[in-house]
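Some notes on the structure that comes next.
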Amino acid sequence: MSAHPSAAIEKVVIIGSGPAGWTAAIYAARANLNPVCCIGVPRTDPSPVLPGGQLMLTTEVENYPGFPDGITGPEMMEKFQKQAERFGTRIVGEDIVKCDFSKRPFTVTTSSGAAIKAHSVILATGAVANWIGLPNEMRLARSGGGVSACAVCDGALPVFRDQVLAVVGGGDTAMEETSYLTKFARKVYVIHRRDEFRASKTMQQRVLGNPKVEVLWNKVVVDVLGEETISGLVLKDTRTGEQSQRAVKGLFIAIGHTPATKFLQGSGIALDDKGYVKMPVAHRSNTNIEGVFVAGDVADSVYRQAVTAAGMGCRAAIDAERFLAERGVH
């Protein structure tokens, strides 16, 4: 279902279509707010981005409540969308390229140049995992071949248990991912391009003191081996240029995420030093602009889970409903 919004002022416009955006749409639609959900358009450069968010690149989801046998990420997002549409959510299959929150009603501009007026807006555009960018890395990530950007999401899957795995990165996230994987893996390589980590000392000690962990210093991944599933890595020494291979059954990329907030430049929305939307009120979805709310990974650099994003989407829709009711918008 795809529909362009009318010339009338929309009660709520939701920007984004992952767990946060769809949950916000479900709650807003059931509250008779007749929401418009701008789901974006697919792209692959520099990183894969699809309507539905990062779960569209996840083959098996086993940690979302209500699916005892697991479900693929795309299947889950399809169900979320159908549920939102069932209650009347209207879908706009375009990107939002500009937002004007300087006056009410707000104006959001689509990639085709259409201007949508709104009494309230929910930002739910997520954060994109940073990838190395190798062709085989991306191929095996898309196909579920053992390359992932989230150990907490995928590391407990049977395919990775009692296997030799690898983590790329040197920050706190990489240390957390490595520690998590040691619960299931036989061995975990940590591949880092320098000769010291940038992670906190506490996180480093947790990894360096684990007998299952071997750090490969001054190394970068230059190719990922394997046809249907990963079988190994080609590494290059950053000092000597010498190449070597390591056999692994899983590769986890932990070199950070980039929040999808570029379209908010000039909008007045406050961002932190990493580009995530700031939430000035604890346990609420408010931004620094009254009437603009936020949900999901675009404001969460800590958890980045489907279930936490969905919970934030619920909060944002309820906050938006209350905001509108206080102003007599029904």
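The values are calculated or read from the model by the stated rules, or taken from the named source; none is laboratory data. Quantities reported herein were computed from a predicted structural model and do not represent experimental measurements. Neighbour counts are summed over all protein chains in view; Cβ atoms, including those assigned to glycine, are modelled from backbone coordinates with ideal geometry.
Tallying residues that are under 11 Å from residue 37 (Cβ atoms) and touching a Lys or Arg at 6+ places or on another chain (Cβ under 8 Å) within the range 50-95 yields 0.
Among residues belonging to the range 123-145 that are farther than 30 Å from residue 8 by Cβ and polar (S, T, N, Q), point out the one that is surrounded by the fewest Cβ atoms within 10 Å (Cβ to Cβ).
If we take residues in the range 123-145 being farther than 30 Å from residue 8 by Cβ and polar (S, T, N, Q), then 143 is surrounded by the fewest Cβ atoms within 10 Å (Cβ to Cβ).
Given the condition modelled with pLDDT of 85 or more, assigned by TED's automatic domain parsing to the domain that holds residue 114, within 14 Å of residue 296 (Cβ to Cβ) and not in a loop (DSSP other than H, G, I, E, B), answer yes or no: does some residue in the range 1-18 qualify? So far as the range 1-18 goes, yes, one or more of its residues are modelled with pLDDT of 85 or more, assigned by TED's automatic domain parsing to the domain that holds residue 114, within 14 Å of residue 296 (Cβ to Cβ) and not in a loop (DSSP other than H, G, I, E, B). Within the range 285-326, count every residue that is modelled with pLDDT under 95 and surrounded by fewer than 17 Cβ atoms within 10 Å (Cβ to Cβ). Selection size over the range 285-326: 3. Test residue 252 against the criterion of being at pLDDT 95 or above and outside any helix (DSSP H, G or I), and give yes or no. The answer is yes for residue 252.
What number of residues in the range 86-116 are assigned to a strand (DSSP E or B), farther than 12 Å from residue 267 by Cβ and of a type in the set (D, E, K, R)? Total meeting the criteria: 1. Residue count for the range 266-282 under the criterion of being surrounded by fewer than 16 Cβ atoms within 10 Å (Cβ to Cβ) and over 20 Å from the mean Cα position of the chain (by Cα): the result is 5. Scanning the range 248-265 for residues that are among the aliphatic types (A, V, I, L, M) and surrounded by 20 or more Cβ atoms within 10 Å (Cβ to Cβ) yields 248, 251, 253, 254, 260, 264.
When you scan the range 249-257, do you find a residue that is among the hydrophobic types (A, V, I, L, M, F, W, C) and farther than 17 Å from residue 170 by Cα, even just one? No: zero hits.
The condition (being out of contact with any Cys (no Cβ under 8 Å at 6 or more places or on another chain), among the hydroxyl-bearing types (Ser, Thr, Tyr), buried (at least 21 other Cβ atoms within 10 Å of the Cβ) and not assigned by TED's automatic domain parsing to the domain that holds residue 101) is satisfied by just one residue among 120, 148: 148. Inspection of the range 286-301 identifies at least one residue that is part of a helix (DSSP H, G or I), in the same structural domain as residue 53 (by TED's automatic domain parsing), aliphatic (A, V, I, L, M) and in contact (Cβ under 8 Å) with a residue 24 or more places away in the chain.
Taking the range 120-193 as the region of interest, the strands (runs of 3 or more DSSP E) fully inside it that hold 2 or more residues being in contact (Cβ under 8 Å) with a residue 60 or more places away in the chain and out of contact with any Leu (no Cβ under 6 Å at 6 or more places or on another chain) are 127-129, 164-168.
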